[in-house]
Amino acid sequence: METYCICAIRRIYKAIDQFESQLQRQLGLNLNETMLLCLLADKENLSAGEIADAMSLSRSNASKVISALETAQLIRRHLCKEDARCMRFSLTKKGQERLEHVHCQQLQLPDDLQLLVDHSQDND
């Protein structure tokens with residue numbers, strides 16, 4: 001039985017875990033929290049559903065990430081102008097400042113992730 005693809009994915013998961021531990025130490029944020037800050041920096045006023053879709057998270061997981069960032073006052077919620085039942089999210093000044101501390105040059109990517117990032121940039 002050939003298992004090389006599963007073993008490769010295991011190495012990638014391990015590399016992501018190492019990278020997330022580094023983010024947690026440097027920024028006090030996990031990977032999903034950091035990715036949400038980046039997403040809201042690019043696209044303001046997203047709904048929870050749009051966030052979940054953009055980040056490929058379940059609605060439940062997206063809600064947990066949103067809640068953690070709201071508690072930390074890094075994002076804020078506000079009513080949607082078109083529909084008062086809808087909530088939209090955007091970065092706070094504190095969230096923008098935290099995001100300014102993310103410098104890819106200072107983050108040490110594990111080799112397995114660096115290969116993927118390099119390959120992704122080649123395809124852009």
Please work out which one of (1) under 16 Å from the mean Cα position of the chain (by Cα); (2) surrounded by 14 or more Cβ atoms within 10 Å (Cβ to Cβ) is the condition residue 110 fails and give its number. (1)
Could you tell me whether any residue of region 83-95 is out of contact with any Asp or Glu (no Cβ under 8 Å at 6 or more places or on another chain), under 19 Å from residue 43 (Cα atoms) and small (Gly, Ala, Ser)? yes
Does any residue of region 58-71 turn out to be β-branched (Val, Ile, Thr), open to solvent by less than 40 Å² (accessible area, probe 1.4 Å) and either at pLDDT below 90 or under 14 Å from the mean Cα position of the chain (by Cα) (or both)? yes
Taking region 30-49, which residues are in contact with a Phe, Trp or Tyr (Cβ under 9 Å, 6 or more places away or on another chain) and assigned to a helix (DSSP H, G or I)? 31, 36, 40, 48
Sort through 77, 85, 98 and tell me the only one that's touching a helix residue (DSSP H, G or I) at 6+ places or on another chain (Cβ under 8 Å), farther than 27 Å from residue 18 by Cβ and open to solvent by 50 Å² or more (accessible area, probe 1.4 Å). 77
Quick one: count up the residues across region 4-32 that are at pLDDT 90 or above and open to solvent by less than 30 Å² (accessible area, probe 1.4 Å). 1
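When you scan region 43-50, do you find a residue that is acidic (Asp, Glu), surrounded by 12 or more Cβ atoms within 10 Å (Cβ to Cβ) and over 21 Å from residue 107 (Cα atoms), even just one? Give the derivation first.
Pass one, region 43-50, residues acidic (Asp, Glu): 44, 50.
From the residues that got through so far, the ones that are surrounded by 12 or more Cβ atoms within 10 Å (Cβ to Cβ) too are 50.
If we keep only those that are over 21 Å from residue 107 (Cα atoms) too, we end up with 50.
Within region 43-50, one or more residues are acidic (Asp, Glu), surrounded by 12 or more Cβ atoms within 10 Å (Cβ to Cβ) and over 21 Å from residue 107 (Cα atoms).
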Given the conditions (1) at pLDDT 95 or above; (2) open to solvent by 40 Å² or more (accessible area, probe 1.4 Å); (3) closer than 16 Å to residue 100 by Cα, every one holds for residue 54 apart from (3)
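The values are calculated or read from the model by the stated rules, or taken from the named source; none is laboratory data. What you see is a predicted model, and the numbers here were worked out from it, not measured in a lab. All Cβ positions, even for glycine, are placed from backbone atoms using ideal geometry, and neighbour counts span all protein chains on display. With ligands, DNA and RNA removed, areas are computed over all heavy atoms of the protein, side chains included. Shrake-Rupley method; radii C 1.70, N 1.55, O 1.52, S 1.80 Å.
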